[in-house]
Amino acid sequence: MKTIQPITIWSNGINDSATIFNLICINDNLHDSATFSYQLKDYAFITIATGSLTMNLPDYATDWQTNDAAYLWAATQLNLVITGDFPTV
């Protein structure tokens with residue numbers, strides 16, 4: 001997980017601020033595409049937005065060499081700014 005610059009999202013009738021970005025690969029054909037599920041969470045770790053992204057060629061060949069690279073690719077797709085790694089306990 002990564003921390004991100006806060007973004008305001010309308011969720012269930014209120015504006016909430018997402019500060020955590022989680023990305024999980026849910027399908028990878030190991031050839032030319034991968035599908036990711038993402039969650040945007042608030043400071044209390046409550047999910048306020050979800051979705052999926054599919055990485056295809058040429059991005060698959062160049063932008064998924066590491067997990068950090070996949071996070072950067074996804075953040076670019078979603079117009080998010082990653083500020084660091086989410087602290088683990």
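The values are calculated or read from the model by the stated rules, or taken from the named source; none is laboratory data. As the structure is a computational prediction, the values presented were derived from the model and not from experiment. Here Cβ is always computed from backbone atoms with ideal geometry, including for glycine, and neighbour counts include all displayed protein chains.
Give the residues of the stretch 39-76 that are among the aromatic types (Phe, Trp, Tyr), closer than 19 Å to residue 12 by Cα and out of contact with any Ser or Thr (no Cβ under 7 Å at 6 or more places or on another chain), sorted by residue number.
Of everything in the stretch 39-76, just one residue is among the aromatic types (Phe, Trp, Tyr), closer than 19 Å to residue 12 by Cα and out of contact with any Ser or Thr (no Cβ under 7 Å at 6 or more places or on another chain), namely 45.
Looking at the stretch 51-72, which of its residues are free of Cβ contacts under 8 Å to residues at least 40 places away in the same chain, under 20 Å from residue 84 (Cα atoms) and either of a type in the set (A, V, I, L, M, F, W, C) or in contact with a strand residue (DSSP E or B) (Cβ under 7 Å, 6 or more places away or on another chain) (or both)?
63, 64, 69, 72
Whether any residue in the stretch 1-16 is surrounded by fewer than 17 Cβ atoms within 10 Å (Cβ to Cβ), β-branched (Val, Ile, Thr), under 9 Å from the mean Cα position of the chain (by Cα) and modelled with pLDDT of 95 or more is what I want to check.
No, the stretch 1-16 contains no residue that is surrounded by fewer than 17 Cβ atoms within 10 Å (Cβ to Cβ), β-branched (Val, Ile, Thr), under 9 Å from the mean Cα position of the chain (by Cα) and modelled with pLDDT of 95 or more.
Can you tell me which residue within the stretch 35-47, out of those that are aliphatic (A, V, I, L, M) and at pLDDT below 95, is farthest from residue 87 (Cα to Cα)?
Among residues in the stretch 35-47 that are aliphatic (A, V, I, L, M) and at pLDDT below 95, the one farthest from residue 87 (Cα to Cα) is 46.
Any chance you could count how many residues in the stretch 27-76 are loosely packed, with under 11 Cβ neighbours inside 10 Å, among the aliphatic types (A, V, I, L, M) and over 19 Å from residue 6 (Cβ atoms)?
Matching residues across the stretch 27-76 total 2.
Of all residues in the stretch 1-50, which are assigned to a strand (DSSP E or B) and either on the phi > 0 side of the Ramachandran plot or of a type in the set (Asp, Glu) (or both)?
16, 28
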